[in-house]
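Asker: Structure in structure tokens, see below.
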Amino acid sequence: MIRGPSARPSAMTEQPSGVIERVFDGHQWRVAASHVALIDSRAVDWFHLIEGPETTLFKRNSQRDVWCVRVCGGEYFAKLYHPTGSVARLKSIVRGPIARAEWNIGRYAADHGISAVVPVATAWADGRWTGGISLLITQAVLDAVPLGEYWQTVREDRWQANLLSDSLARLIARSHQCGFQHGDMHPGNILVRRIGQRCEAFFVDLHRVHTGRRVAPRQAVANLAQLNQWFRRNASRSQRLRFLDAYISYRDQFAQASSLARNWRIDTGKLVADLAAQADRHAYYLWAKRDRRTLRNSRYFARIRPAPGWRGHVLLASKHPCPATGAAGACFTKGQWEEWLRYPLAWVDPRRQELLKDSHTAVVCRARLGTSTDAPCVVVKRPLARNFWKKLAAIFGPSRTLRSWKMANRLRNRDLPVAQPLAILERYALGLIRTDSIGISEYIDGASDLETFLTRDVAALPAGQRRVVKDRVIESVVRLLKAFHERGFVHRDMKAPNLMVRWAPPYRGSPVLTFIDMDGIKHVRRVRDAQQLRAVVRLCASLLGSPACTASDRLRFLRSYLTGPGRTPAEWKTHWRRIHQAVCSKLQDKELRRQWKLAHYGRE
């Protein structure tokens, strides 16, 4: 925005450090002497930026806006902090302008040789600080990308991956030895740029950095655990160990870097164990935080009341989308959902939608979001109470739909594949008594359940290819079940029809597995061995009718599942006979249950 004639600078003072302080247009400024033209040119109103050819909104949230500004022949990022909420405003009043604090941290990093984004100017309201807007301007770094994005491009190139690991270890080791601890050290807050045949990593988003005090061993491990939270899903164990070895080496190298450096002895094995424990603790904290977000109004979820008596929750955007699902990049608005869900029961009307299931426990239909032919397909489920006690529980207890919504989001927050939950609605009489509910989730196109995939697709393959395909399926199912149980989930209905497989001929790579039907899933503090084996028994029993799943296939699955760290090589043998007996007992119970359903409902 072009400045008006009312803008007038005041006298300026140059500090010995090459920083100029001045009061300009009602704001207190600190500007690096080499960039004083940013405010002298009067070309930009930094506190009232608008979209234009020279200004682009880069990022926005409830507490700050980040703009990319091209001015004075250069490119800069302007970060406008506007504390929202009583807690945020109180913090800014007590601590002072956030932008000024980040400016001080940036200058601290430069003085101690720590690679970080370079601040060139900061400003805040002149006079008594009352927690208002503050501004930080930093130089843009050309051709820099976030660490996570850069890693994905070089992770398969051993030479480039080692260069990046070495650069990252050097950055973090020096920062710790200089009393610089980033409080939010995830891959998005570290940028990487290539310089010739090497790369350079540097910090951004410095407002949560602690400086000027020694980084204790416990704090260093916790800091590394924040970064490890992402890398243990996207890097091999050997790559992570190589990084830790480089970090230890650089810590010793920078032992005299500042008066705050610590030269403590580090045992790699103990560091790995401590890092794993801290990473788990940090992961539980993040997961719990994301779980609570699913029932609140935010940029990712919203509460709606689309029709009289109906209220519920909808997805607006996924912060951590799963690339394996079709709704990975879907974005919606609250208005769209209110328009689509104006008549909720029309979504489960067989005369309007494609009926997938009609039983005494649920009605399931397939529909489209919107009227266009390319609109995404969704699955709509309406749970039904089959007896008086179930109806009573549905009225006064949490509904099956709400439990499924929370559980599906809980699984996704822990990087477990599940059909993306999109919306739930519950109907209330007199505002208190729940009488009905529906849930909407994505439709996984091109997928079939595990039993159908084995019976129809795998059984038709030549013998040689069939063995290769089944081995890959066994490997993928074992890996998924181990992750499922390690993250504290128990499935009392782990049958093949509840596990979808998407894998197209000629069956290269690995199959994509996805959980559906959240009714039988429970989250516990620790999964017992008996609960794990019960899931294996249920899965094996559901596949006994498939001609493509032989006894040797079940044996391979069991051996693969019951081997690994913490287990003896022959442990699987002690479980084989017991599991076989449990499968036979399960089949008898299943037949009795089927007869009971026929007698009471006339259908299965």
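Asker: How many of the residues in the range 126-158 are at pLDDT 85 or above and either surrounded by fewer than 16 Cβ atoms within 10 Å (Cβ to Cβ) or not hydroxyl-bearing (Ser, Thr, Tyr) (or both)? Explain how you work it out, then say what you get.
Answerer: Step one: of the range 126-158, the residues at pLDDT 85 or above are 133-140, 144-158.
The next check asks that each one be either surrounded by fewer than 16 Cβ atoms within 10 Å (Cβ to Cβ) or not hydroxyl-bearing (Ser, Thr, Tyr) (or both); those that pass are 133, 135-137, 139-140, 144-149, 151-158.
So the count comes out to 20.
Asker: Right, something else. Inside the range 96-121, can you point out the residues that are under 20 Å from residue 65 (Cβ atoms) and among the basic types (Lys, Arg)?
Answerer: 100
Asker: Here's a follow-up. Restricting to the range 363-377, what's the tally of residues that are without any contact (Cβ under 8 Å) to a residue 12 or more places away in the chain and part of a loop (DSSP other than H, G, I, E, B)?
Answerer: Start the filter on the range 363-377 by keeping residues that are without any contact (Cβ under 8 Å) to a residue 12 or more places away in the chain, which leaves 368, 371-375.
Keeping just the survivors that are part of a loop (DSSP other than H, G, I, E, B) gives 371-375.
Residues flagged as without any contact (Cβ under 8 Å) to a residue 12 or more places away in the chain and part of a loop (DSSP other than H, G, I, E, B) within the range 363-377 amount to 5.
Asker: Which residue out of 143, 184 is closer than 30 Å to residue 265 by Cβ, in contact with a Lys or Arg (Cβ under 9 Å, 6 or more places away or on another chain), in contact (Cβ under 8 Å) with a residue 12 or more places away in the chain and part of a loop (DSSP other than H, G, I, E, B)?
Answerer: Exactly one residue qualifies, and that residue is 184.
Asker: Collect the residues in the range 430-470 that are open to solvent by 40 Å² or more (accessible area, probe 1.4 Å) and either assigned to a strand (DSSP E or B) or of a type in the set (Val, Ile, Thr) (or both), keeping them in residue-number order.
Answerer: Across the range 430-470, the qualifying residues are 433, 435, 452, 455, 468.
Asker: Which condition does residue 255 not pass, out of (1) open to solvent by 30 Å² or more (accessible area, probe 1.4 Å); (2) out of contact with any Lys or Arg (no Cβ under 7 Å at 6 or more places or on another chain); (3) not in a helix (DSSP H, G or I), if it passes all the others?
Answerer: Condition (1) is where residue 255 drops out.
Asker: Could you tell me which of the residues 411, 422 is in a helix (DSSP H, G or I), in contact with a Phe, Trp or Tyr (Cβ under 9 Å, 6 or more places away or on another chain) and open to solvent by less than 10 Å² (accessible area, probe 1.4 Å)?
Answerer: Going through 411, 422 in turn, just one is in a helix (DSSP H, G or I), in contact with a Phe, Trp or Tyr (Cβ under 9 Å, 6 or more places away or on another chain) and open to solvent by less than 10 Å² (accessible area, probe 1.4 Å): 411.
Asker: Hey, among 193, 213, 218, 237, which residue is exposed (fewer than 15 other Cβ atoms within 10 Å of the Cβ), within 14 Å of residue 116 (Cα to Cα) and either modelled with pLDDT of 90 or more or over 19 Å from the mean Cα position of the chain (by Cα) (or both)?
Answerer: 193
Asker: When both residues are 6+ apart or on different chains and their Cβ atoms are under 7 Å apart, which pairs have a first residue that lies in the range 272-296 and is without any contact (Cβ under 8 Å) to a residue 24 or more places away in the chain, and a second that is surrounded by 15 or more Cβ atoms within 10 Å (Cβ to Cβ)?
Answerer: Taking only residues 6 or more apart or on different chains, the pairs are 293/300; 293/301.
Asker: For residues that are modelled with pLDDT under 85 and closer than 19 Å to residue 122 by Cα, scanning just the range 75-92, find the one that is surrounded by the most Cβ atoms within 10 Å (Cβ to Cβ).
Answerer: 92
Asker: Also, I was wondering about something else. Only one residue in 456, 528, 508 is under 23 Å from residue 364 (Cβ atoms) and over 24 Å from the mean Cα position of the chain (by Cα), so which one is that? If you could, list the steps in order and put the result at the bottom.
Answerer: Numbers: 528 fails: under 23 Å from residue 364 (Cβ atoms); 508 fails: under 23 Å from residue 364 (Cβ atoms).
One residue alone meets the criteria, 456.
Asker: Let me ask another. Filter the range 299-320 for residues that are more than 30 Å from residue 187 (Cα to Cα) and of a type outside the set (Lys, Arg); which is most open to solvent (accessible area, probe 1.4 Å)?
Answerer: Looking at the filtered set, the residue picked out is 308.
Asker: Next question, about the same structure. Where residues in the range 100-128 are in a strand (DSSP E or B) and within 32 Å of the chain's Cα centre (by Cα), which of them is nearest to residue 210 (Cα to Cα)?
Answerer: Once the filter is applied, the top-ranked residue is 116.
Asker: If you don't mind, another one. Condition check: crowded, with 19+ Cβ neighbours inside 10 Å and modelled with pLDDT under 90. Does residue 205 satisfy that?
Answerer: Values: crowded, with 19+ Cβ neighbours inside 10 Å: yes; modelled with pLDDT under 90: yes.
In short, yes.
Asker: Further question on the same structure: Residue 232 versus (1) basic (Lys, Arg); (2) assigned to a loop (DSSP other than H, G, I, E, B); (3) out of contact with any His (no Cβ under 9 Å at 6 or more places or on another chain): which is the lone unmet condition?
Answerer: (2)
Asker: Follow-up question, since we're still on this one. Could you list, in sequence order, all residues of the range 483-525 that are surrounded by fewer than 20 Cβ atoms within 10 Å (Cβ to Cβ) and in contact with an Asp or Glu (Cβ under 6 Å, 6 or more places away or on another chain)?
Answerer: Residues satisfying the conditions are 497, 520.
This table checks each residue for (1) open to solvent by less than 50 Å² (accessible area, probe 1.4 Å); (2) modelled with pLDDT of 90 or more.
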{"site": "343", "(1), (2)": "no, yes"}
{"site": "354", "(1), (2)": "no, yes"}
{"site": "363", "(1), (2)": "yes, yes"}
{"site": "384", "(1), (2)": "no, no"}
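The values are calculated or read from the model by the stated rules, or taken from the named source; none is laboratory data. Here the structure is a predicted model, which is why all the values come from computation and not from measurement. Please note: Cβ atoms are built from the backbone with ideal geometry, for glycine as well, and neighbour counts cover all protein chains shown. The protein model used for the area step is the full one, side chains on, heavy atoms only, and it has no ligands, DNA or RNA in it. Shrake-Rupley method; radii C 1.70, N 1.55, O 1.52, S 1.80 Å.
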